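In what follows, a structure is listed as structure tokens, so that the remarks can point back to it.
The values are calculated or read from the model by the stated rules, or taken from the named source; none is laboratory data. Just so it is clear, the model here is predicted, and its values are computed rather than measured. Here Cβ is always computed from backbone atoms with ideal geometry, including for glycine, and neighbour counts include all displayed protein chains.
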């Protein structure tokens, strides 16, 4: 049985240039399969709002949602480092609220760390959480909780000004005590510069090849969606969506045609089974042989 990684293990992986694999998961079976496949870190992302709950953005996701899904993942992946997202406005409004929401996710959900979106503006919250004993992963670049403020899902770091802000924010998060930072939809040169400047690991998603690790959404990796929209920064490794749809279509067809259930899917009674189970009564004598006289009398009973 493998041993769960820690924030110190992840730092060592960066130092040794051992790339960190991260994958989202939102329920017991997906987390179980991810752990069995050897994933380093599972992220219970607020992306569950898009891929599991059917929202257009991550903004409607609540602390209750994160707790529920993290608890499911934690039951499945007891040997994997689990990070849970703090959802929209569950932090930043007040220090007390931030700590209380974080405590709920950690205690009730069972995560080993939390992820927060934002840069220098949330550094004080990151520091407070770290001082309370909660490991924090940062998230810069495209921050989905701020999608309306950003004006859509756009690549970040295209201008010198934007690149400098990303660098400043990354350094602020590191100084506040973050143990790693996700860089989402950031130009490759900027992500590379940040990765080199930081002592802590960077985890890229659409941020190029120089990050210390990569993260993908479970449903993107497996094309587990309908309809599925191609993304430039994603590589799909299987088309599970089509497989599932085809399987269900086959089931529907066989039910309609009577092919399912077949002989091998049904159960037959044995002679000792009570007759009452099959429409008779317990004293109906279903298993008792009838005499020829009784059989003759039964046949002579007129039918109305």
Would you confirm, using the coordinates I've provided, whether residue 205 is under 18 Å from residue 15 (Cβ atoms), surrounded by 20 or more Cβ atoms within 10 Å (Cβ to Cβ) and either in contact (Cβ under 8 Å) with a residue 12 or more places away in the chain or out of contact with any helix residue (DSSP H, G or I) (no Cβ under 7 Å at 6 or more places or on another chain) (or both)? no
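Conditions (1) crowded, with 22+ Cβ neighbours inside 10 Å; (2) out of contact with any helix residue (DSSP H, G or I) (no Cβ under 8 Å at 6 or more places or on another chain); (3) closer than 17 Å to residue 216 by Cβ, marked per residue:
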position	(1), (2), (3)
12	no, yes, no
24	yes, no, yes
33	no, yes, yes
92	no, no, no
96	no, yes, no
Residue check: is residue 177 under 14 Å from residue 137 (Cα atoms), surrounded by fewer than 24 Cβ atoms within 10 Å (Cβ to Cβ) and in contact with a strand residue (DSSP E or B) (Cβ under 7 Å, 6 or more places away or on another chain)? yes
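Here is a yes/no grid of residues against (1) within 22 Å of residue 9 (Cβ to Cβ); (2) at pLDDT below 95; (3) assigned to a helix (DSSP H, G or I):
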position: 123; (1), (2), (3): no, no, yes
position: 126; (1), (2), (3): yes, no, yes
position: 129; (1), (2), (3): yes, no, yes
position: 148; (1), (2), (3): no, yes, yes
position: 161; (1), (2), (3): no, no, yes
position: 166; (1), (2), (3): no, no, yes
position: 172; (1), (2), (3): no, no, yes
position: 183; (1), (2), (3): yes, no, no
position: 193; (1), (2), (3): no, no, yes
Does any residue of the stretch 223-241 turn out to be part of a helix (DSSP H, G or I), surrounded by 10 or more Cβ atoms within 10 Å (Cβ to Cβ) and either touching a residue at least 24 places away in the same chain (Cβ under 8 Å) or not assigned by TED's automatic domain parsing to the domain that holds residue 43 (or both)? yes
Of the conditions (1) buried (at least 23 other Cβ atoms within 10 Å of the Cβ); (2) outside the structural domain of residue 141 (by TED's automatic domain parsing), residue 61 satisfies every one except a single condition; which number is it? (2)
Taking the stretch 64-85 and keeping only residues that are assigned to a loop (DSSP other than H, G, I, E, B) and buried (at least 21 other Cβ atoms within 10 Å of the Cβ), one is left with 77, 80
I need a count of the residues in the stretch 104-121 that are buried (at least 23 other Cβ atoms within 10 Å of the Cβ) and part of a helix (DSSP H, G or I). 1
What number goes with the only condition from (1) in contact with a helix residue (DSSP H, G or I) (Cβ under 6 Å, 6 or more places away or on another chain); (2) buried (at least 22 other Cβ atoms within 10 Å of the Cβ); (3) under 23 Å from residue 120 (Cβ atoms) that residue 88 does not pass? (2)
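Matching residues to (1) more than 15 Å from residue 180 (Cα to Cα); (2) part of a loop (DSSP other than H, G, I, E, B); (3) free of Cβ contacts under 8 Å to residues at least 40 places away in the same chain:
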| site | (1), (2), (3) |
| --- | --- |
| 12 | no, no, yes |
| 18 | no, yes, yes |
| 26 | yes, yes, no |
| 35 | yes, no, no |
| 38 | yes, yes, yes |
| 42 | no, no, no |
| 46 | yes, yes, no |
| 57 | yes, yes, no |
